[in-house]
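Input: a single structure, listed below in structure tokens.
What follows draws every value from the coordinates through simple rules; no lab data is involved. Please read these numbers as outputs of a predicted model, since none were measured by experiment. Don't worry about glycine lacking a Cβ; one is built from the backbone with ideal geometry, like all the others, and counts go over all protein chains shown.
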Amino acid sequence: MLRLGFYGPHSYRGYYHDVAFEIAEDITVGEVLSAAKEALGSTYQGWKGGDYTMKDYTETWLVAREGETGESIGAMFLELLLANTVEVSE
């Protein structure tokens, strides 16, 4: 379980050809991976029109709620994400 992760891919408000995700708390690694896989190859409508397909090297943004700008997902965020896992007992 991750304390901080992401879900809900969509076209980024700042650069329509980029993909953005909404922030999520207490989410599984599988759910985050599923959201990332969902975005790959998907086409989203830009905020002022146009369709944009997300590819392997599309820039990625986080804390970018739909319709807002946010921070890019970079190495530092990924390191923090992986460092803040929570062990779940079943």
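A count restricted to the stretch 37-57 and to residues that are buried (at least 18 other Cβ atoms within 10 Å of the Cβ) and not aromatic (Phe, Trp, Tyr) stands at 2. Please find, within the stretch 14-35, the residue that is nearest to LEU78 (Cα to Cα) out of those that are of a type in the set (A, V, I, L, M) and buried (at least 17 other Cβ atoms within 10 Å of the Cβ). Taking the candidates together, the pick is VAL32. Of all residues in the stretch 1-26, exactly one satisfies the criterion of being without any contact (Cβ under 8 Å) to a residue 40 or more places away in the chain, farther than 18 Å from GLN45 by Cα and touching a helix residue (DSSP H, G or I) at 6+ places or on another chain (Cβ under 9 Å), namely ALA24.
Table: residues versus (1) more than 13 Å from the chain's Cα centre (by Cα); (2) among the hydrophobic types (A, V, I, L, M, F, W, C); (3) closer than 18 Å to TYR57 by Cα.
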{"residue": "LEU4", "(1), (2), (3)": "no, yes, no"}
{"residue": "TYR12", "(1), (2), (3)": "no, no, yes"}
{"residue": "HIS17", "(1), (2), (3)": "yes, no, yes"}
{"residue": "VAL32", "(1), (2), (3)": "no, yes, yes"}
{"residue": "ALA36", "(1), (2), (3)": "no, yes, yes"}
{"residue": "LEU40", "(1), (2), (3)": "no, yes, yes"}
